[in-house]
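To start, the structure itself, in structure tokens.
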Amino acid sequence: MAETQIILIRHGEAASSWSDHPDPGLSDEGQGQAALTGKSLGEEYANHQLLSSPKKRAMETMDYVSKGLKKDFLIDGRFIEIPAIGVPQDQKQKWLMGMMETPIADLPIEILKWRKDLIDWLDACREPVIVGTHFMVINVLVSYLLSHPRLLYFHPSYASKTEILMQDHKIKGLILGDEKKTNINL
């Protein structure tokens, strides 16, 4: 069976934090980051399907990828950032830090469902794909593949590319995106 290449692109830097704005677009710096990532994708990605989270910062990042590859992307709600249902805006950062360190078995049901939907997508993926998404989505998929006990595995940089190679429903290769400890502007 052929390999399936999955590229997860974290959105560029957001114009404001997740705790300050429910759906910020990219900052000027984030636009530059996304533009560089879009330009870095060559002809070898021409057959990849393009998907994006419905959040503005991810879609703006995928606009650059889409222009670079001269093809459209589709919106897919599975790739949205971690659901913070009922968490007051001013408490989201603290809540998120707690979710990052909570053992998977102890996560709230809505987070477990979100995680399962992502894992089900990954397990069913058979075509090459590039996904514009978020810090925690990338972590969910990597932590699952590596049997890590928590959601947080690493700190992918803005507009970084994490590559997963799958064959016969098993991980064949993993190249983590550039890692940088930054303020998480989700």
With a/c under 1.5 counting as rounded, go ahead and sort region 52-125 into rounded, prolate or oblate using the C-alpha gyration tensor (a ≥ b ≥ c being the square roots of the eigenvalues; past the cut-off, prolate if a/b is larger than b/c, else oblate). oblate
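Cα-based Rg of the chain per 2.2 N^0.38 Å, rounded to two decimals?
On the way: Rg = 15.5 Å, N = 186, 2.2 N^0.38 = 16.0 Å.
The reported ratio for this selection is 0.97.
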Rounded to the nearest 10 Å², the accessible area of Arg78 using a 1.4 Å probe with every protein chain kept is 100
Plugging the Cβ-Cβ distance of Ile109 and Leu174 into 1/(1 + (r/R0)^6) at R0 = 35 Å yields, to the nearest 0.05, a FRET efficiency of 0.80
Past the 30 Å Cα-Cα mark, which pairs from Lys92/Lys116; Lys56/Lys116; Lys67/Lys113; Lys39/Lys116? Lys67/Lys113; Lys39/Lys116
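Restricting to DSSP H runs of at least four residues, report the calculated mean residue ellipticity at 222 nm for the chain, -39500 (n - 2.57) per run over all residues, nearest 500 deg cm²/dmol.
Numbers: 5 runs with 64 residues, N = 186.
One gets -11000 deg cm²/dmol as the mean residue ellipticity at 222 nm.
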Charge dipole magnitude, Cβ of K and R +1, D and E -1 - region 1-133, Cα centre, debye nearest 20: 120
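The values are calculated or read from the model by the stated rules, or taken from the named source; none is laboratory data. Worth saying up front: this structure is predicted, and the values here are computed from it rather than measured. Virtual Cβ from ideal backbone geometry, glycine too; neighbours counted across all protein chains shown. What goes into the accessible areas is simple: the full protein's heavy atoms, side chains included, and nothing from ligands, DNA or RNA. Shrake-Rupley method; radii C 1.70, N 1.55, O 1.52, S 1.80 Å.
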